[in-house]
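The values are calculated or read from the model by the stated rules, or taken from the named source; none is laboratory data. On a predicted model such as this, the values are computed, not experimentally measured, just so you know. Cβ atoms come from the backbone with ideal geometry, glycine included; neighbour counts cover every protein chain shown. Calculation scope for accessible area: heavy atoms of the full protein, side chains included, ligands and nucleic acids excluded. Shrake-Rupley method; radii C 1.70, N 1.55, O 1.52, S 1.80 Å.
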Amino acid sequence: MEPRLSGKRLGHVASVAETIGRIARSWDAEDRDAALRAAWLHDAWRSESPAAVRAAILAAGEEPDPWAARHAPVLLHAQAAAAWGRVEAGELDPRVILAVRHHPTGHPSWDDLGRALYVADFCEPHRPFAASVGAERLVTRAADSSAALPAVAFEVLALRLARSVRDGRPVHPDTWRTWNAWAGAPESP
Ligand SMILES: [Fe+2]
Ligand SMILES: [Fe+2]
């Protein structure tokens with residue numbers, strides 16, 4: 001990812017990879033490798049211009065997510081990274097693609113890999129808010145027991161939602177769908 005990212009952003013990605021390595025330390029080698037690939041891929045398009053992000057999505061044969069395009073174009077870096085990973089970078093594991101594709105919003109279909117990326121992305125120690133949200137404690141819990149990962153991911157989702165509400169930012173429908181799925185509410189049609 002070095003040609004695509006530099007400085008602070010590359011530091012963030014390296015820290016996400018290290019953090020997900022902690023969370024996945026007791027997984028089998030194949031799953032742990034997949035988690036590390038997701039970490040390295042997730043922000044590959046985060047430093048690109050909106051036009052380049054859009055072009056990457058279209059070049060992969062996808063339409064940019066209309067909600068993100070309208071309300072929060074920055075979210076499209078996730079779709080671009082997933083599309084590029086699938087088409088150009090040879091990522092064949094659908095769990096990696098699903099994790100990367102939805103890493104800023106959450107997704108109700110995620111397995112452990114998606115949840116681990118979500119937790120590591122928010123909790124890596126370079127985040128300026130890491131101490132105030134107790135990020136280290138969250139990572140330790142997720143790393144100590146894979147049974148704790150869903151609960152930790154749910155906590156991270158609650159923290160992220162609270163921050164969006166506090167800042168008056170719009171919330172992507174996938175985030176609400178994830179919240180309802182993880183909180184046990186029936187899916188709305
Ligand atoms: Fe991101
Ligand atoms: Fe990130």
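Here are the numbers:
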| quantity | calculated |
| --- | --- |
| C-alpha center-to-center spacing [region 126-189, region 49-91] in angstrom | 23 |
| Relative packing of peptides 45-52, 5-12 - highest average C-beta neighbours within 10 Å first | 45-52, 5-12 |
| Listed residues E62, E136, E124 arranged by accessible area, highest first, probe 1.4 Å | E136, E62, E124 |
| Expected-Rg normalisation [2.2 N^0.38 Å, Cα atoms] applied to region 65-137 | 1.20 |
| Radius 11 Å from Cβ of L92, net charge of other residues (Lys, Arg +1; Asp, Glu -1) | +1 |
| Projected-area mean, region 39-106, by convex hull of Cα positions, square nanometres | 4.1 |
| In Å, descending, principal axis extents of the Cα set of the chain | 41, 37, 31 |
| For T140, solvent-accessible area (1.4 Å; no DNA, RNA or ligand), Å² | 50 |
| Packing-based ranking, highest mean first, of 161-169, 68-76 given that Cβ atoms within 10 Å are counted | 68-76, 161-169 |
| Surface share of carbon and sulfur [accessible, 1.4 angstrom probe, percent] for the chain | 55 |
